[in-house]
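The values are calculated or read from the model by the stated rules, or taken from the named source; none is laboratory data. Everything numeric in this text was worked out from a predicted model, so none of it was measured. For neighbour counting, all protein chains shown are included, and Cβ atoms are generated from backbone atoms with ideal geometry for every residue, glycine included. Heads up: the accessible areas ignore ligands, DNA and RNA and are worked out on the full protein's heavy atoms, side chains in. Shrake-Rupley method; radii C 1.70, N 1.55, O 1.52, S 1.80 Å.
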Amino acid sequence: MAQIFPRQLNYLPAILALAGVLGPAAAVAGVWYYFSPEFTDVGYQPVQPVPYSHRLHAGELQIDCRYCHASVETSPVANVPPTQACMNCHRVLAVDSPALEPIRESFANGTPMQWLRVHKIGEYAYFNHRAHVQGGIGCVSCHGHVEEMEVVHQVKPLSMGWCLECHRDPEPQRRPLSEITNMTWKPPRDPEARARQLAELAPAHPPVNCSGCHR
């Protein structure tokens, strides 16, 4: 009798079995990566109402972070700068710049600037900015080298796994409180000197259980 089906079809059951195993695994891996904050959030860079350069202000001019973000050490929520903070300088600097017209209008009308937030923890998680700063966590640990950014963008995933990695071993990220806003600070190589610096801080015991952040 003549062969009805081609011989290659003998491999079909094996191919279907392999696809049944690898297909779901590939789908899970794809969702795990492409739906993760590492992919969806890192690199987020909204267009702000005014083209503010952190490279100029924080980098070249070396303006301390706390001049604009004044409540980062005392408030659970980090603040965006009020228009008054901008006008303290721009009453006399770049007073005719077209790019700063929204700032001048905001100041004249008493209406706040609608800055777009770049870094944000999900509403389902509790985050206290003051606790992290007072615990010796520097700005660069979470926000990256903003003093090198023309436009600020997100460089860390701010995911649960990323937070837990630090909570389980916070010591490498801690620094003296005097160096919190110093973007170029490096820990001393001498372990004893490093230990003396950390001894100035209160002991850190960040929560690693669910209720610590999901309250």
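Surface listing: Trp185, Trp162 arranged by accessible area from highest to lowest gives Trp162, Trp185, probe 1.4 Å.
Using only Cα atoms and rounding to the nearest 10 degrees, what angle (0 to 90) does helix 12-34 make with the longest principal axis of the chain? Once rounded, one gets 10 degrees. Across the stretch 112-215 the C-alpha pair distances fall into 10 Å bins from zero in the proportions 12, 42, 34, 11, 1 percent. Note on Tyr126 and Ala99: the model spin-label points, each 7 Å out from Cα along the C-beta direction, lie 4.2 nm apart. Considering only Val118, His143, Ala108, the residue lying farthest towards the positive end of the dipole of the stretch 107-180 is Ala108, judged by Cα position with unit charges set on Cβ. Taking GluC sites (Glu not before Pro) as exposed when DSSP calls them loop and at most 10 other C-beta atoms lie within 10 angstrom, the chain has its longest site-free stretch at 1-122. In the stretch 132-189, which trypsin sites (Lys or Arg not before Pro) fall in coil by DSSP and have 11 or fewer other Cβ atoms within 10 Å? The qualifying sites are Arg189. Take Phe107: with every protein chain present and a 1.4 Å probe, its accessible area is about 80 Å².
In the assembled protein chains, Arg55 presents an accessible area of approximately 110 Å² (probe radius 1.4 Å). Rolling a 1.4 angstrom probe over the protein heavy atoms with all chains in place gives the chain an accessible area of 69 Å² per residue. Here the sum of -39500 (n - 2.57) over DSSP H runs of 4 or more residues, divided by the residues of the chain, equals -10000 deg cm²/dmol at 222 nm, to the nearest 500.
For the stretch 84-155, with all protein chains in place and a probe radius of 1.4 Å, 59% of the accessible heavy-atom surface sits on carbon or sulfur. Only the Cβ atoms of Lys and Arg (+1) and of Asp and Glu (-1) were treated as charged; on that basis the dipole of the chain about its Cα centre amounts to roughly 440 debye. When only alpha carbons are used to place a centre, the stretch 134-198 and the stretch 199-215 end up 16 Å from one another. Only Cα pairs under 8 Å and 6+ residues apart enter the sum, and on that basis the relative contact order of the chain stands at 25 percent.
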